[in-house]
Amino acid sequence: MTALRRARVIGPLVSRIVAALLGGYALAALFSVAVLALPLSKPQAVLTGQLASFAICTGVVIWVFAVRSALKAWIGLLIVAAALAPLAWSV
């Protein structure tokens, strides 16, 4: 197997692994901070955000490997991050 062929086979897998790790962490962190913008008491918002972050991280990992291509996974992660970023920034 040539190096170019190997890169074509392994590249998308490595991209999905990186997307699952970094994207899962980033979306979970953004969501846990964005929950503070909800009309809840601060301790309840922190608890809700932290508990939900585990489910979000798990869902992101499953979703990244379920989509058809690594590019679609990255685009989906960026769209969700772009939606959560203003909410997290406002806190």
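Mean residue ellipticity at 222 nm from the helices of the chain, using -39,500 (n - 2.57) per DSSP H segment of n ≥ 4 over the full residue count, to the nearest 500 deg cm²/dmol? Could you put the intermediate results ahead of the total?
On the way: 4 runs with 72 residues, N = 91.
Calculated at 222 nm, the ellipticity per residue is -27000 deg cm²/dmol.
When a footprinting reagent is the concern and you count Cβ atoms within 10 Å, what order do Phe31, Phe54, Phe65 take, fewest first?
On the way: Phe31 22, Phe54 11, Phe65 14.
With the sparsest Cβ surroundings first, the list reads Phe54, Phe65, Phe31.
Kirkwood Rh, Cα Rg: Rg to Rh for the stretch 3-89?
Numbers: Rg = 15.2 Å, Rh = 13.8 Å.
We get a ratio of 1.11 for the stretch 3-89.
If R0 is 25 Å, what FRET efficiency do you get for Val46 and Ser90 from their C-beta distance, rounded to 0.05? It would help to have the intermediate numbers written out before the result.
Details: r = 16 Å, r/R0 = 0.65.
Taking R0 as 25 Å, the efficiency between Val46 and Ser90 is 0.95.
With each label point set 7 Å from Cα along the Cα-Cβ vector, what nm distance links Ala82 and Val67?
That separation, rounded to one decimal, is 1.2 nm.
Bear in mind that the values in this text are calculations on the coordinates, not laboratory data. Just so we're clear, the structure is a prediction, and the values are computed from it rather than from any experiment. Cβ: placed from backbone, ideal geometry, glycine included. Neighbour counts: every protein chain shown.
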